[in-house]
Amino acid sequence: MKSSLINLLFEEYKQICLFEELEQKGIDLTKITVNVSDIVFDLIGFPKDNTREYDFNVLNGLEYNSKNGKYPDDDLCCRDWLYDEHFDTISSIEKKQKIEVTDKGLKMVEYDDEILIKKKLEAFVDWLYLEYSKI
């Protein structure tokens, strides 16, 4: 199961890289993005994020208004900390560079080191399992 989760996250990483490259060229595909990380969180067993059902104005000292949502309680589940760790993991992956010979000379080319990426994603999946064990 763990290797399947790593492979799913790797496919999401490739999707993110492709969409970023297209965005630099003026093509925005963010609305069709498949959020694989949420699927991985579900498969591990994390509860769904239900923050939209709650009224957080009470946390700012305002009066609670039941029309806006439920009062925060023990059933509240926010996945922000999982998204933050996922973002930090993806952001920490650096592209490698190599020199290619072309007809016009030498050219520096960036590429993704699949083994390095999968090691970082494996560490992230290990962290997810550890965090889930704390729930």
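The values are calculated or read from the model by the stated rules, or taken from the named source; none is laboratory data. Because the structure is predicted, anything quoted here is derived from the model rather than measured. For neighbour counting, all protein chains shown are included, and Cβ atoms are generated from backbone atoms with ideal geometry for every residue, glycine included. Surface accessibility is based on the protein's heavy atoms, side chains included, excluding ligands, DNA and RNA. Shrake-Rupley method; radii C 1.70, N 1.55, O 1.52, S 1.80 Å.
A few notes on this one:
- Residues that are at negative phi, in contact (Cβ under 8 Å) with a residue 12 or more places away in the chain, open to solvent by 70 Å² or more (accessible area, probe 1.4 Å) and part of a helix (DSSP H, G or I) do occur in the stretch 40-52.
- Residue in the stretch 1-21 that is farthest from residue 123 (Cα to Cα), counting only those that are aliphatic (A, V, I, L, M) and open to solvent by 40 Å² or more (accessible area, probe 1.4 Å): 18
- If you go through the stretch 7-35 and keep only what is under 16 Å from residue 88 (Cα atoms) and in contact with a Leu (Cβ under 8 Å, 6 or more places away or on another chain), you end up with 9, 10, 13.
- Residue count for the stretch 79-123 under the criterion of being in a helix (DSSP H, G or I) and exposed (fewer than 11 other Cβ atoms within 10 Å of the Cβ): the result is 6.
- Boolean, residue 55 is open to solvent by less than 90 Å² (accessible area, probe 1.4 Å) and modelled with pLDDT of 85 or more: no
- Cβ-Cβ distances below 6 Å connect no pair with a first residue in the stretch 1-27 that is modelled with pLDDT under 95 and β-branched (Val, Ile, Thr), a second residue that is in a helix (DSSP H, G or I) and surrounded by 15 or more Cβ atoms within 10 Å (Cβ to Cβ), and a separation of six or more residues or different chains.
- Unique residue being exposed (fewer than 13 other Cβ atoms within 10 Å of the Cβ) and either modelled with pLDDT under 85 or among the charged types (D, E, K, R) (or both) when the list is 70, 31: 31
A quick yes/no check of all residues on (1) in contact with a strand residue (DSSP E or B) (Cβ under 6 Å, 6 or more places away or on another chain); (2) among the basic types (Lys, Arg); (3) over 30 Å from residue 4 (Cα atoms):
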| residue | (1), (2), (3) |
| --- | --- |
| 80 | no, no, no |
| 93 | no, no, no |
| 105 | no, no, yes |
| 113 | yes, no, no |
| 119 | no, yes, no |
| 131 | no, no, no |
| 134 | no, yes, no |
